[in-house]
Amino acid sequence: MTFPHPHNLRTVSMPLGMVVGAMFCRPIAALETASGGMITPSLIFLMLFFTFCRVDVRSMRLQPLHLWLLTAQIVFSVAVYGILLPFSPTVAQGGMICVLTPIAMAAVVIGGMLGADIVSMTTFSLLCNMTIAVVAPFILSVVGDCSLAVILARVAPLLILPFAAAQGCRALIPKVSGWVAAHSQISFYLWLVSLTVIIGRTTTFILDHPEADGAVETALAATALVICLVQFRFGRWLGRRYGDAVAGGQSLGQKNTVLAVWMAQSFLDPISSVAPTAYIVWQNFVNSYQIYKKDRETTKNQI
């Protein structure tokens with residue numbers, strides 16, 4: 001069985017998923033409710049599993065850049081919350097989750113297209129997911145309403161088990177892991193489905209809560225834009241100091257937004273999920289611009 005290459009669908013996939021999610025928000029929300037809220041975490045698990053099946057831990061090397069990026073991510077998330085809290089707890093939660101969320105799996109692909117060190121980014125991806133699996137529940141339990149035990153029980157397995165399952169598959173069933181690695185583009189379609197579900201859930205929530213403050217929602221979207229630009233910019237600055245500006249920018253700026261929206265809707269004020277939902281749009285604009293700029297440079301050098 002063959003799949004169309006994701007590159008052929010990249011230009012239309014995000015708007016298509018968002019439109020479908022918004023149009024069919026009621027059936028999507030009903031299906032998510034009927035599943036006991038397991039559709040989104042299941043998709044996240046599968047996306048991570050497909051990604052980690054391609055990871056050879058023996059080729060990974062921890063670098064100083066990874067530690068600085070991870071430190072910046074955790075410190076910035078707390079700082080953003082503290083800065084925005086006096087203005088609005090909801091906006092503070094939305095801004096915080098846009099920083100705290102780990103790197104997107106697609107960041108390695110985009111980074112490779114832009115000339116980054118893929119092995120370095122893959123190493124950081126694993127380190128970031130494992131660390132945030134432990135750190136995020138503590139932070140979310142402080143700023144949200146759920147207990148630490150509940151959050152830890154739902155977040156940690158979601159980020160750690162896919163890696164354990166993938167490495168177990170590589171060791172015990174290499175043919176299966178080989179097939180998964182050879183068909184890694186399936187994770188793109190899983191992302192597209194998860195994006196549609198997330199947009200459907202967010203749209204349904206907004207429709208069911210017309211009393212929600214429009215000014216707060218606008219502030220959440222604007223906050224996500226500022227945070228997105230700052231993270232890409234600071235990440236590139238940090239990466240440049242270690243010889244890989246692209247890896248730094250993508251590692252800090254490109255987030256697993258599906259996970260971010262799920263965590264916001266599950267453990268924080270659900271309205272705060274508007275911020276990571278908007279972040280989906282902003283980071284894709286940034287990536288599109290970077291790819292366009294890279295293609296122009298390549299074409300110019302070929303002339």
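The values are calculated or read from the model by the stated rules, or taken from the named source; none is laboratory data. Because the structure is predicted, anything quoted here is derived from the model rather than measured. Note: ideal-geometry Cβ built from the backbone for every residue, glycine included; neighbour counts use all protein chains shown. Heavy atoms of the whole protein, side chains included, go into the accessibility calculation; ligands, DNA and RNA do not. Shrake-Rupley method; radii C 1.70, N 1.55, O 1.52, S 1.80 Å.
Cut-off 15 Å, label point 7 angstrom out along Cα-to-Cβ of V119: give me the residues of the stretch 21-63 whose amide nitrogen falls inside.
Flagged as within label range: 55-63.
For Cα pairs less than 8 Å apart in space and 6+ apart in sequence, what is the mean separation divided by the residue count of the stretch 1-151, i.e. the relative contact order in percent?
In percent, rounded to a whole number, it is 17.
With the other protein chains left in place, how much accessible area per residue, in square angstrom, belongs to the stretch 126-226 at a 1.4 angstrom probe?
Averaged over the residues of the stretch 126-226, the accessible area is 46 Å².
Cut-off 19 Å, label point 7 angstrom out along Cα-to-Cβ of A182: give me the residues of the stretch 44-62 whose amide nitrogen falls inside.
Answer for the stretch 44-62: 50-56.
Please identify every one of the chymotrypsin sites (Phe, Trp or Tyr not before Pro) in the stretch 74-103 that sits in a loop by DSSP and has no more than 15 other beta carbons within 10 Å of its own beta carbon.
F87
I want to check the label-to-label distance for V57 and T71. Put each point 7 Å from Cα in the C-beta direction and report it in nm to one decimal.
2.6 nm
Let me know the charge dipole size of the stretch 147-269 about its Cα centre in debye, to the nearest 20, where only the beta-carbon of Lys, Arg (+1) and Asp, Glu (-1) is charged.
Dipole magnitude for the stretch 147-269 comes out near 760 debye.
What value, in deg cm²/dmol to 500, does the helix sum -39500 (n - 2.57) over DSSP H runs of n ≥ 4 give at 222 nm once divided by the residues of the chain? Kindly include the intermediate steps, with their values, before the conclusion.
Numbers: 14 runs with 239 residues, N = 303.
That comes out to -26500 deg cm²/dmol.
Report the extension gain between Y189 and L207 in nm, rounded to one decimal, defined as 0.36 nm multiplied by the number of residues separating them, less their alpha carbon distance.
Difference between extended and current length: 3.8 nm.
How would you classify the stretch 131-203 from its alpha-carbon gyration tensor, with a ≥ b ≥ c the square roots of the eigenvalues: rounded for a/c under 1.5, else prolate if a/b is greater than b/c, otherwise oblate?
Because a/c hits 1.5 or more and a/b fails to exceed b/c, the stretch 131-203 counts as oblate.
Just order 24-34, 241-251, 94-104 by mean Cβ neighbour count inside 10 Å, highest at the front, would you?
Ranked from most to least packed, the peptides come out as 94-104, 241-251, 24-34.
Can you pull the one-decimal nm distance between simple spin-label points at Y292 and D145, each 7 Å off the Cα toward Cβ?
Those two pseudo-labels are separated by 4.2 nm.
Using a probe of 1.4 angstrom, how much of the accessible area of the stretch 146-221 is carbon and sulfur, in percent?
C and S fraction of accessible area: 73 percent.
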